[in-house]
């Protein structure tokens, strides 16, 4: 069967499925398994390149593959732990784009992944620890984990996070990391974003550990749609301090990590460190809540006095650095309620998109990319209204200036 998978990795899976009769040497179960492996390798070749290249790694059904971490985000988590479970310094990035998986096993710490899934985070994090437990309630995922993870010394437990903790960890273990990636769908399959609505509910899962002095750490992998302020408020009732890491890849936010380091001293919520990072583009923006609250930004409503328009990267907007991004780069806001920023002269190396404003009437354009920010129409509605073909080098930006809907023609600089 391995040879069959290797021979057909480049085939169209849907077409291959229609050719079942050609492969009578495979049973129906073997044929379905082979198609599952081929499809997964095709879908994950960019997300999990080293594991896709390993012919002995088994992949689960499509949903579990879609929900798993990428290698870039998994390596970031491992490097965060490797940095002695302490906050990242202002002048160091925790990972470089070409960094290899961690191989240092000198740390005496113990890892428990309470929601194992496909086990990508388990595998990469385990290289920082002397012992790792993988906990997963799905029997099929545990079967795959026994094949994929057990040879790396990882112990597999087919049970729920709640049952595992109540049986094995009635009190937290010293020098231990608990990793949780809660399921973000309700009983009807709908998406949920509040911590208390996820499974497991971490606000209850760790409540027996609340206010303990044992130096254990917790890392939570959460939805890009997470309300960070609300989550910090809920979790700070249990433990402090927390770090916030907003992880994006090519300007798409993939995960929000909340990390409670082992042995860290309490600190005011306002000093919570927040790290927004794009793992593909290689930039990092670090700040604290108090810095954002204290930041000053001015508004320039005069479109005729500006030449450049700036749209911050998605991770920075998710992290909430709305005023601080303007202060650090010497920019003004286009409108008090719109997260677009302006300057007369070009400010290079801005973490996001930069546009040069063109002296053209957008209503005369015939082909353009459409961008809307705080505008009464969606991008598609505005495109239809202006009868624009999609594409080209020109951008039509719909926004508000001093509360009035405004259209701007621009070209992309960065």
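Nothing in this text is a laboratory measurement; each read-out follows from the coordinates by a stated rule. What you see is a predicted model; the values in this text were computed from it and never measured. Here the Cβ is made from the backbone with ideal geometry for all residues, glycine too, and neighbour counts use every protein chain on show.
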Computed over the chain: longest principal axis from alpha-carbon atoms vs helix 28-43 long axis, angle to nearest 10 degrees, is 30 degrees
Taking Cα atoms, how many degrees apart are the long axis of helix 139-148 and the longest axis of the chain, rounded to 10 and kept between 0 and 90? 80 degrees
Okay, which of the stretch 199-233 sit inside 17 Å, backbone N to the point 7 Å along the Cα-Cβ direction of residue 293? 228-233
Below 8 Å between Cα atoms, with a sequence gap of 6+, how large is the relative contact order for the stretch 2-64 in percent? 38 percent
Given the -39500 (n - 2.57) contribution per DSSP H run of 4+ residues, what per-residue ellipticity at 222 nm results for the chain, rounded to the nearest 500 deg cm²/dmol? -7000 deg cm²/dmol
Return the whole-Å distance between the Cα centroid of the stretch 361-409 and the Cα centroid of the stretch 277-306. 24 Å
GNM result for the chain, Cα springs below 10 Å: residue of 36, 15, 243 fluctuating most strongly: 15
Length gained when the stretch residue 13-residue 33 is fully extended (0.36 nm per residue, less Cα-Cα span): 6.0 nm
Cα centroids of the stretch 36-78 and the stretch 230-266: how far apart, whole angstrom? 25 Å
Relative contact order %, the stretch 295-412, counting alpha carbon pairs below 8 Å whose residues are six or more apart: 26 percent
From Cα coordinates alone, what are the radius of gyration and Dmax values for the stretch 2-64 in angstrom? 11.4, 33
Using a cut-off of under 18 Å, list every residue of the stretch 329-343 whose amide N is near the label point 7 Å from the Cα of residue 304 along the Cα-to-beta-carbon line. 343
If 201, 138, 344 are placed from fewest to most neighbouring beta carbons inside 10 Å, the sequence is 344, 138, 201
Can you tell me how much longer the chain between residue 327 and residue 5 gets when fully stretched, taken as 0.36 nm per residue apart minus their C-alpha distance, in nm with one decimal? 110.5 nm
Give the share of C-alpha pairs in each 5 angstrom bin for the stretch 295-412, from 0 to the last occupied bin, in whole percents, shortest bins first. 2, 12, 23, 24, 21, 12, 5, 1, 0
Only counting other Cβ atoms within 10 Å, I'd like 203, 112 sorted with the fewest neighbours first. 203, 112
Give me 130, 73, 284 ranked fewest to most by other Cβ atoms within 10 Å of their Cβ, as a rough exposure proxy. 130, 284, 73
Among 152, 260, 245: highest mean-square fluctuation, GNM of the chain, C-alpha pairs under 10 Å: 152
With eigenvalues of the C-alpha gyration tensor scaled by 5 and rooted, the chain, Å: 41, 31, 18
Efficiency by 1/(1 + (r/R0)^6): what FRET value for residue 197 and residue 381, r their Cβ-Cβ distance, R0 = 35 Å, to the nearest 0.05? 0.65
Percentage relative contact order, the chain, counting C-alpha pairs under 8 Å, at least six apart: 8 percent
